[in-house]
Amino acid sequence: MSLAMARIGGLVVVFVAVLGGMALVTATGVMVDSGFRAQPAVRLAAADVVVSARQSIPREEDLPVALPERASVPGSLVGVVAGVPGVAAAIGDLGFPAAVLDGAGSRGADPATGGHGWSSLSMSGQMIAGRPPRAVDEIALRGARIGQQVRIVAGGRPGTYRVTALVNASGLYFADAAAAELAGRTTGARGHRPGDHSRGTGAGSRRGIGLFPGRSPR
């Protein structure tokens, strides 16, 4: 005991060094984990500001709980945001399950959110050939041919779509009305299939809103 008391200064130094080393290792681990979890901005990269709903539930004296599904914002918010002074354009983005079944086109997009409305393309890329999809059985994607018939499952509904445009962005781009229908974000008629030209109505909701302050989207 007397020996330990005589060397108390050295013991304190060792304790502080070990404590500091543990803190350094912990901080490094957190930074490395954050780096692995971080994803590069691919979709919506062209937007200056992205507005989205809270994706977690805060808890007092504890970490927030992440929502199991992505929360959306009301579609009517697009018009509200577009009216804010200094905002040149506001575009709502929809994301819903969509994937190519027959191997045509690009497979770069996440099938869980691979489907999008045509208007949101300006926040991720641009059209390089063709014309925008207008009917419910038309689609735009990359890695296919104009006029090609492609088998796609979108919103849990398989169907055949005709390629009307080629784009340089990942994902499958439908006419805006068709995308809202497939995403279940309308309050009107439901259950259309390619070839059925019924349309849903209503504000619906959006996964996010891209803003272009002071300029127009590309």
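The values are calculated or read from the model by the stated rules, or taken from the named source; none is laboratory data. Everything numeric here is computed off the predicted structure, so don't read it as measured data. Don't worry about glycine lacking a Cβ; one is built from the backbone with ideal geometry, like all the others, and counts go over all protein chains shown. Accessible surface areas use protein heavy atoms only, side chains included; no ligands, DNA or RNA. Shrake-Rupley method; radii C 1.70, N 1.55, O 1.52, S 1.80 Å.
Okay, here's what the table says:
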| quantity | calculated |
| --- | --- |
| Per-residue SASA entry for residue 70, accessible area with 1.4 Å probe, Å² rounded to 10 | 120 Å² |
| Cut-off under 5 Å, modelled amide H: who pairs with residue 129 long-range | 166 |
| Cβ-Cβ FRET estimate between residue 17 and residue 65, R0 fixed at 41 Å, reported to 0.05 | 0.65 |
| Calculated FRET value between residue 82 and residue 148, using beta carbons and R₀ = 45 Å, to 0.05 | 0.80 |
| For segment 9-19, Karplus couplings with θ = phi - 60° (6.51, -1.76, 1.60), whole Hz, Gly/Pro x | x, x, 5, 5, 4, 5, 4, 5, 5, 5, 4 |
| From phi via Karplus (6.51, -1.76, 1.60), per-residue ³J(HN,Hα) for segment 71-88 in Hz, x at Gly/Pro | 6, 10, 10, x, x, 5, 5, 4, x, 5, 5, 4, x, 6, x, x, 8, 7 |
| Zone residues, segment 63-78, relative to residue 57, backbone N less than 19 Å from point 7 Å out along Cα-to-Cβ | 63-73 |
